[in-house]
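Here's the structure we're looking at; comments come further down.
The values are calculated or read from the model by the stated rules, or taken from the named source; none is laboratory data. Predicted, not measured: the structure shown is a model, and the values here were computed from it. Cβ placement follows ideal geometry from the backbone for every residue including glycine, while neighbour counts extend to all protein chains displayed. The accessibility values were calculated without ligands, DNA or RNA, using every heavy atom of the protein model including side chains. Shrake-Rupley method; radii C 1.70, N 1.55, O 1.52, S 1.80 Å.
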Amino acid sequence: MAFAANQFLDGQWTTRTVNVNDVLKHYDEQDNANLTAAPDIQTVPTLGLLSQTVIKSPLAHWILPARLRHLDLNDVAFIGESFIQIKELRQDGHLWDVAIKYEFGQRIRNACVVGSLKESKNPTSGRRDSADSHSTAHDSKDGDADGDIDMDSSPVSPENRTQLPPQMIFLQLVNLTTVLLFLEQDKDGEWVFFTSTRYKVDRDGMETHQPGTHLAVDPSSRFLAIGTREEKFAVLRLTSRKDLEKQHARWQDLEPIKQEAWHEVPGTIHKMEFLYPAADDEDHIILLVLAVYKGRTRMLVYEWAAGTDIHKSILRSSEKGHKLAEIHHIPLILVPLKVKSSFILISEQSIAVCKDLLVGQPTWDEIETDTDEPTSLHHGLGNPLWTAWTRPPRSTGYFVESHDCIYISREDGLIKCLEIHSDDEIIKAELNIGILQTNCGTALASLEYIHPRSGDTSGDYLIAGGDSGLGAAYLIKARKPPVFQQHIPNWSPASDFVTTSLYQDSDVAEPIVSRRKQEKIRFEPDQIYACIGKGSNGAILEYRQGVEARVSLDTDFVDSIQNVWVLNPLDSAGDDVVSVFLLSCGGRSAVLHLYVDAKSDVAVKERGEGFDLRYPTITAGLYEECYIQVTTNSIVFTDKCILEGDELLGIFYEGALLGHGSHILNAVIWEDAVLFTITCMEDEFLLSAKPTTSASLTAEDHNVFSLAIRTLAKMPSHITCLATCCIGEKPHVIALASTEDATTVVLQPLDEHSSLVVKFPIEDISHGGTDLGVFLSIAATSNVYYGAIRLVCGTSNGFVAMIEIDMTALKCISLTHDRIGLTTANVQKYSILNQEPHQDSTYFANCDSKLFVIQIKDLEVRGPNKRMPYSSRMIHRVYLTDERDLHYVQPEINSLARFSGRFLQDSVLLVTGSILTIAGLAKHPTAVPRRIPIDGSPSRLLYSQHLRALVVAADVQSQSTLLFIDPETGEDISQPWDGTSDSERDFISGLGRDERIFRLLEWTITKSDNDKPYFIVLCTSGGRLIVVSLSREGTPSRIRYWKQYSFKSEDPIYSVTSFADGLIYCAGSTLYYDYLDVETKGFKPAARHKLQSPAINLIIEGDGRIYVLTSTHSVEILDLKPSKDEFIHTHGDEVTRPALHHRLLHSSISNGVIMPKSSEEPDQAIVHLVSDKHCSLTGLWSVTNTKANTLETVFVAELPKSIMKLRYARSRPLWDPTWENSTASPFMAMPPNSAEYPEVLGLSVDGTVSHFTVLDERAWRFLRFLINLVLQSPAFCPFREVVPYVGEELTEHLAPKTVPKIMMHIDGEILRSVLNNQALESLLQVYNSDEAWSNVLKMFRECLKDMMPQCEDLPAEPIEELIYKAYLILDLFLRPTL
């Protein structure tokens, strides 16, 4: 086919006939040429995101008193959105941790307590349908009213099953599941949660109605009401306690719900509570529902008899209900009263009692509260609101049917007590109890506190959960103001956080270059600080993770103390002596007695009868009714004998007296035997001193008591430390000796002369070239898993080494080490004199004047081929806290000893110089934050490396200001200055206004090599941009600061960053670049760019590329022209997002993990982490060389909370393997997020800190396979909607898929549960021979092989070996971040 075409040839247009094929061929050749010349289009890699929670928020929405273990144990449940924590009120007036549970997989929507305490006390008093008198769920929520509680509980269940607790907790999850929880003890005696029942609301469309928005239990715990947000509620008949006990005794899953009946309600359900029936009509059930319909609130009353069918018998007493007056229209609180089936409605403007609701038209008694002015803790503009109520427990002698008592709390801390009587004037008294120094939220509870020694100090123990800062517990006694007891942890709301990383606020974090800086931070993990709270509760919080030790007593001794031992008092000491302290003080010893009088007042007095105080003590112990003391020159059995001089120090060896030693070097005690070492003629000998066979420690005739001294062995070299251990059934003394070429372990039986020797060459001790130093302390334990002994040793170079010795082959089978500091590490056992066998794998370590707890857990992998034992160890630093000083500075701890007596159970005695401190030690590691009060609302935070100070933007009494805080002492060292008048002011020019500071920035201008002015730049909601100059002045040093430059915009300035000699900032929705003119000393405009929405975060790289995060349109990338007069758009996100924050990670992929930028690879592509208000964290990848360069989504993570801020930190603890540049696993060259590269951390508004790791495809594929494996297991995901797959569907479901992008997210909390519970064996069903599960094991091998390509023989290894390696990989990815 041909056609005519016009062509321009030789300067003129001509017409010629052209063939179609020729034309197409010409354009094909042109397109091919263009494709050849075009640059390659960058492909989007396959990346995943691993998220895990580092610090969990303690914010509790409900505080519920509940007897969850025993009638005599005063427990209380703290319940938040994702956790339940049980604490116990002990005799010391403090709340102590019992158990905590997080693994619900769903948000908790509501909670309540069920169970009748009276029925638990009197189990034989049967009733129809669990009918009981008024002890209750209302009492369970708000304090029990039963009073005198005896030891009798439920009947003992058969088959040795533990009894059901008196009460249990119902949780309503957002996925329509109702969970029943109670506590049981495990094999080690620890209290753990037992999840018995998972009841699901099974009605179509209920997700949109949000069942569980309201939850109520009737006073006798026979019925549970579950209310939706609107239109529907259900009444559930609960199973009687007698039937539950039968199910429990038979090891059946409890079925607490017998019957379910749904009812329709017109409008929105606002409140729902059961009312109390008349005292003589216990079977009368009354449910009150407040419903809002067509703008009016109505009271709907439902009544029925307890023994009837709830499908037919539940009737509404009035079809339309009773309208509430306008003043009560939307009540804040509904309180059922125990008299006359009445209740209290608390509204914003009134408090009123409603009575006679069941007999006709209700009547109201108003309570006047207008005289209560707002307190200093009030934040809002209007009047403070009432937030919560609680019913205090009352003894039977006081509380009868005609009385009731209610505490109500207001958001600004005001507490009132309402006394209710059954006469016509129901409210007999309205008392102002006082003002709590905390903002009260919806969580409030009251417990009964009875002092064990003095009734004068008993009363109501009121617990208030903080709303915008710390909560608190107070003791309320009659006619006295509240007495503060302790703080309730809370670090929400959190608005900003920062780390002390050198590049914590850099646009792109880079590896450390300076050798001097490398040495400085080598053994200093970054600290993390956050802005929390509001008003007078505002503070800066330092996040710390470890074991809490609460200081209860400090006493100062005269001399400096080197070591200390805590001994139980003898029977002859008297009831007022609770402990004896033996101190080693340089050249002497001293003895102190701890006394407690009838009012629990504590006193420490010096008494030393029976001890040898002339010499320093080496060790001490108690056996039967005798103290044993070993000093450098004597051995003392108190009140029995003292052995010293030649009689003690003589060396008889091989039948001859070799000579005498000068003093005792090392010593340990085993029961009544003392083992010690002495040097004689340059040789070291091990001796024992033990009472003779005829001697008795309890003998009254001291003349018949004598000690036998024996030389057990000659040591191969200098002994550095001793320990005792029972090997087999024989007690042994274990000695460590060090020489230049080896370390020797000597195992010496106490009743034999022959010893066993194990040598370690120095190259074995020097792990990978690491010099561990000399072993100076040792603790030994028999390891039943290995058939070996375990030695935990402290070294002179700050390491803790763990050695496993096979006693059959007499060789080392394992040697690992962890650095905990730089100076000598001293190790000792946590257990006391073999009294706590379950604690044999727990140790104390003291190094760099810090205290650590080391926990070693013996585990094993079980499979069809064999059992593989292995050990897992965890190290936690101990942090001291003091309720009297919230920013308590950690003391330098020299030594410690544990209490073993009943009075100070779980306490330790710590030595700091000459000061002795008694502290209660928590059983489990947790967040132990340090709080620095600032008396204002902090909003932005910056850590200045230049100033070594925290820079805080705060609102103090509605005035904006800057504060400079010393992070070590917590002191405010700021000094605002007027540069014009050269005088101190309250605020610098431009601040002190009612406006927010949006951003803080460090800015250094390089004028010359010696002239680099340093500034702090801030921008405000009032459109001000202020450049602040600073200097350190005075002694002690203070930071003087003043305004250097400033300018004003008509729009708020949301963000600012520095570029060369100028600033880039966003005012309104416009981006500006202004540069500093040195000559005029002012800023001049250079470029501007209109954005679609305000830029809330700006990041800039050195080449002029600007990363802009806007509030509603995600990320936009701009280039600033070399002329610096124009912004050019280069990339943009195709998806609009309500963004919150943005960080960059450069794509240096190493062993499964994305690392930040490396200076050796400047052209790396970038992963953008973008958080938004929809609780998502999205990874974006810059795609270039396309017609429209975009940011492509590579992964999306749906998180429980929105991430407000993202920061970098090198926060791994010192014992993390990356600090030593050694590998954490023999299968991977570099662990995730090494010390050379920072971690990525995120902060949520409730104070939660999360950790994020970007994974490459092979790491994501392996971890995603494990996640899929867990999510199809109903046993492992009891609270999730799980569909178990079979056959080919199983393998298809388990195969990792990259679409949708939400599949690229790996939930580390799920993997942590797998690791902690050692669940891989059961998840993989290694004993299942089914073909589908054989294919699952094949997939597992393939995924594991991709993770460890260097292990060529991996496919042939037994499944136990593969599972063991999988646990090592999980432990690598999930190891502690703080």
Could you work out what % of the accessible surface of the stretch 1321-1378 is carbon and sulfur, using a 1.4 angstrom probe and leaving DNA, RNA and ligands out of the count? 49 percent
Long-range amide H partners of I351, meaning residues 5 or more apart or on another chain whose placed amide H is closer than 5 Å, are I367
In nanometres, the difference between 0.36 nm per residue of separation and the alpha-carbon distance of T1070 and V757 is 104.9 nm
Just the accessible area per residue of the stretch 1030-1141, please: how many Å² with a 1.4 Å probe? 46 Å²
In whole Hz and in residue order, list the ³J(HN,Hα) couplings for the stretch 676-689 that follow from phi through the Karplus curve 6.51 cos²θ - 1.76 cosθ + 1.60, θ = phi - 60°; x for Gly and Pro. 8, 10, 9, 9, 9, 6, 6, 10, 10, 10, 9, 10, 10, 10
Under a 1.4 Å probe, counting only protein heavy atoms, K200 has an accessible area in Å², nearest 10, of 80 Å²
Residues meeting the amide H criterion for L622 (H placed from the backbone, H to H distance under 5 Å, 5 or more places apart or on another chain) are I628
Between H1141 and residues 5 or more places away or on another chain, the pairs with built amide H atoms under 5 Å apart involve S1171
Tell me, what is the FRET efficiency for R1088 and D994 to the nearest 0.05, using R0 = 25 angstrom and their Cβ-Cβ distance as r? 0.30
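Work out how much length D576 to S1334 would gain on full extension: take 0.36 nm times their residue separation and subtract the Cα-Cα distance, in nm to one decimal.
Numbers: separation 758, 0.36 × 758 = 272.88 nm, distance 6.75 nm.
Taking 0.36 nm per residue and subtracting the Cα distance, the gain is 266.1 nm.
Between E1288 and T268, what length comes free when the chain is fully extended (0.36 nm per residue of separation minus the Cα-Cα distance, one decimal in nm)?
Numbers: separation 1020, 0.36 × 1020 = 367.20 nm, distance 4.72 nm.
Full-extension gain reported as 362.5 nm.
Do the alpha carbons of any pairs in K101/K338; K759/K866; K187/K829 sit beyond 23 Å of each other, and which pairs?
Working: K101/K338 34 Å; K759/K866 30 Å; K187/K829 21 Å.
Listed pairs above 23 Å: K101/K338; K759/K866.
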With label points set 7 Å from each Cα along the Cα-to-Cβ direction at Q185 and Y1045, the distance between them in nm comes to 7.1 nm
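Going from most exposed to least, what order do E88, E1239 have by accessible area with a 1.4 Å probe?
Numbers: E88 30, E1239 0 Å².
So the residues, ranked largest to smallest area, are E88, E1239.
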L643/D858 FRET efficiency (R0 51 Å; Cβ-Cβ; nearest 0.05): 0.80
Taking the Cα-to-Cβ direction at Y1014 and at R607 and moving 7 Å from each Cα, how far apart do the two end points lie in nm? 5.8 nm
Spacing of the two label points (7 Å from each Cα toward its C-beta) at N175 and D365, in nm: 4.9 nm
Output ordering of 326-334, 912-920, 246-254 (per-residue mean of other Cβ within 10 Å, highest first) is 912-920, 326-334, 246-254
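So if R0 is 22 Å, what FRET efficiency would A278 and D423 give, r being the distance between their Cβ atoms, rounded to the nearest 0.05? Numbers along the way, then the final one.
Numbers: r = 15 Å, r/R0 = 0.70.
It comes out at approximately 0.90.
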Local net charge near D1061, Cβ-Cβ under 14 Å (Lys/Arg +1, Asp/Glu -1): +1
